[in-house]
Amino acid sequence: MSDELDQILISWNQPNSGEEMHQLQTALMDMAMFEPESDNGKSVLDIVCRVGLEGDHALVDYTKRFDGVGITVGRLRVAKEDMEKAHRNIDRDLLKSLRQAIKNVKEYQSEIFIGDRVHPGIRYTPLRRVGVCVPGASAPLPSTVIMTVVPAQVAGVGEIAVVSPPRYKGDIHPVILAVCHELGIEEVYRIGGAQAVAALAVGTNTVRKVDKIVGPGNKWVQTAKKMVSGLVVGYDSVAGPSEVLILANDRANPAWVAADMLSQAEHDPGCAVLFTDSKVLAEKTLHQLNKQVKQLHRAEETSKCLREFSRIVVFESMDEAVEWANYFASEHLQIQCGDKSREIAEKVENAGAIFIGEFSPVATGDYWAGPSHTLPTGTSARFSSALTSNDFVKSISIIEYSKEQLAASAEDIIRLAEAEGLDAHAKSVRIRQQS
């Protein structure tokens, strides 16, 4: 067996194992965004400020500088004809699969949507305008469009603007454009990175300001999202590297566990962690990782990612493993413990999404099942949730008192206001009692 990845296998009884897991968490959180005072952090701030000052001309310059694509202001927005052409030319079998994925997500998001509920003391209203960031690469990411746009549409968002860098032959990948057209999205812009986030946040002559920005991206995108939050614009989260934590016992298939770990590590960066109470499974999974990683197109990069951001940890008991899984609060948490999988799942309190059983790989959630794959990372699953249709509505409290209701409560309200030294508050009630 190759010893290339042996260093990632640790026993919880060995010295400093807890500290090693703390360090792994810290490394993942550091990968999410730049420190504001770092050189790159200052560069992001410069980009945001320049887009605010120069608008479209800054977007054109940054697209040339960072994406290597010369573009005019008039071509920042994708023409309707370009999206129609992409939709006509898309593989029909792929379009069929995309349509079913859209249907699955729409059904799930509709079932959990709170905005349809009626309560006399609260009103739900959809956000007016939302911006969606779709990463650009040689391979398209249509699932990102579906998992962000469909929840917004279910919520009733009136305007959705998609931004994606033109990195596929000098343009946005046609599959991305085809999916946008399929979803009825009319605003798509050939911009990416921190400059796209800035444009959505502050607005330019071409790109109008949005109320909330969602979608994944690299450290430049995530740092920009954090920075522009002070410009009266919301955002979903600061997303770090993709993560999977697998809870597995001796009933698990080591080849499948290894494949699931590699499916996250290939993101480069991506984090893949196995918690188990079986030393035999741990060793067999390590063997499979060494074997399978060599078969990947990006074997060297994935292997490096495994060494830096992945671990196989052997605990004395599954209860101990679950306790640490709750502390780790992973984005994706898989449970492959045979007939005990559902029982163990009930003990999990912190995770972005839980995948129960050996036939529920993360890919089912990434593309098909219905919940959005935009999930909390970097331990934020302790207090954050997956992106849903409910993230695209806001609630307005409704208070309507009659004369009799105010009279019945007046003395209590006045007493509380005076206790806080807010005399005008008290008088605003008392004056109504004197009429």
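Each reported figure results from applying straightforward, stated rules to the coordinates on display, with no laboratory input. Please read these numbers as outputs of a predicted model, since none were measured by experiment. All Cβ positions, glycine included, derive from the backbone under ideal geometry; neighbour counts span all protein chains shown.
The table that follows gives values for the structure above.
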{"item": "Contour excess over end-to-end distance, with Cα ends at residue 64 and residue 42 and 0.36 nm allotted per residue", "result": "5.9 nm"}
{"item": "Computed label-point distance, nm, for sites residue 209 and residue 287 using a 7 Å Cα→Cβ extension", "result": "6.2 nm"}
{"item": "Kirkwood-Stokes translational diffusion coefficient of region 192-242, alpha-carbon pairs, 10 °C, 1.306 mPa s, µm²/s", "result": "148 µm²/s"}
{"item": "Distance histogram for region 39-235 (every C-alpha pair counted, 5 angstrom bins, percent rounded to whole numbers)", "result": "1, 8, 16, 20, 20, 15, 10, 6, 3, 1, 0"}
{"item": "Potential lengthening between residue 97 and residue 415 on full extension [0.36 nm per residue; Cα-Cα distance subtracted]", "result": "108.2 nm"}
{"item": "Fewest-first ranking of 204, 125, using other Cβ atoms within 10 Å as the exposure measure", "result": "125, 204"}
{"item": "222 nm mean residue ellipticity, helices alone, for the chain (DSSP H n ≥ 4; -39,500 (n - 2.57); rounded to 500)", "result": "-14500 deg cm²/dmol"}
{"item": "Nearest 10 degrees, 0 to 90: helix 142-155 Cα axis against the chain principal axis", "result": "30 degrees"}
{"item": "Förster radius 22 Å - calculated FRET efficiency between residue 137 and residue 304, Cβ distance, rounded to 0.05", "result": "0.70"}
{"item": "Over the chain: Rg over Rh, Cα atoms, Kirkwood Rh", "result": "1.04"}
{"item": "Förster radius 60 Å - calculated FRET efficiency between residue 364 and residue 424 (Cβ-Cβ, nearest 0.05)", "result": "0.55"}
{"item": "All lysines inside 19 Å of residue 291 as judged from Cα atoms, apart from same-chain residues fewer than 8 positions distant", "result": "279, 304"}
{"item": "Which listed pairs, of 212/394; 64/85; 64/226; 80/209; 42/219; 403/427, have C-alpha distances above 19 Å, in listed order", "result": "64/85; 64/226; 80/209"}
{"item": "Debye log10 I(q)/I(0) for region 318-373, one point scatterer per Cα, at q = 0.26 Å⁻¹", "result": "-1.08"}
{"item": "Rg ratio (alpha-carbon, reference 2.2 N^0.38 Å) - region 290-435", "result": "1.84"}
{"item": "FRET E, pair residue 218, residue 403, Förster distance 41 Å, beta-carbon r, rounded to 0.05", "result": "0.10"}
{"item": "Approximate spin-label separation residue 125-residue 317, in nm, with each point projected 7 Å along Cα-to-Cβ", "result": "5.4 nm"}
{"item": "Gap separating the Cα centres of region 175-205 and region 1-79, nearest whole Å", "result": "20 Å"}
{"item": "Kirkwood Rh, angstrom, region 125-228 [1 / mean 1/r, Cα pairs]", "result": "13.4 Å"}
